[in-house]
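Structure first, then comments.
The values are calculated or read from the model by the stated rules, or taken from the named source; none is laboratory data. Everything numeric in this text was worked out from a predicted model, so none of it was measured. Counting neighbours? That spans all protein chains shown, and the Cβs are built from the backbone with ideal geometry, glycine included. The accessibility values were calculated without ligands, DNA or RNA, using every heavy atom of the protein model including side chains. Shrake-Rupley method; radii C 1.70, N 1.55, O 1.52, S 1.80 Å.
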Amino acid sequence: MKHIFTGFSLIGAFALLAMTAGCTSMQTQTQNKENLLIAAGFKVITPHTAAQQQKLQALPPDKLASVQKDGKTYYVFPDTANNRALVGGPKQYQSYQQLRLANKLANENVEAAEAYQDASMNWGAWGGWGAWGGMGWY
């Protein structure tokens, strides 16, 4: 019976670890998004009235929302955990989109470099690309 209990404890510990890693990953993604928004020129706005607080709470969490006010378009990212919002206009939104693309490409380049840094391949011992007798790979 004790072995069964130990097995369940171990499974529970792994499940808790997986959930913690998932939550940390989500927090990191949200923080990265906030960092990009601030770098793009979005301003941090803190609600001062109950009505502003309600509007902040009504926005979809972790999503950039488009809001029309006085004939102008604003983009709002709610950060309800810190009781604030990041707000920008069309220029800041365009900068944010460019930063997102650049960040995605940079991350893909890092992942590709990590995938190809395996020194155990020992490319020199393969005799170079010509060793295959011109198989049309180049």
Inset, instruction - Output the number of residues of the stretch 86-104 satisfying the condition of being part of a strand (DSSP E or B) and either modelled with pLDDT under 75 or open to solvent by 60 Å² or more (accessible area, probe 1.4 Å) (or both). - result: 0
Inset, instruction - Would you check which residues across the stretch 89-109 are over 27 Å from GLY71 (Cβ atoms) and without any contact (Cβ under 8 Å) to a residue 12 or more places away in the chain and list them? - result: LEU101, ALA102, LYS104, LEU105, ALA106, ASN107, GLU108, ASN109
Inset, instruction - Can you work out which of the residues in the stretch 55-72 that are surrounded by 12 or more Cβ atoms within 10 Å (Cβ to Cβ) and closer than 16 Å to ILE45 by Cβ is nearest to the chain's Cα centre (by Cα)? - result: LEU64
Inset, instruction - Exactly one condition in (1) open to solvent by 70 Å² or more (accessible area, probe 1.4 Å); (2) modelled with pLDDT of 95 or more is not met by MET19; state its number. - result: (2)
Inset, instruction - Considering every residue within the stretch 105-116, establish whether at least one is farther than 26 Å from GLN31 by Cβ, modelled with pLDDT under 90 and either hydrophobic (A, V, I, L, M, F, W, C) or open to solvent by 70 Å² or more (accessible area, probe 1.4 Å) (or both). - result: yes
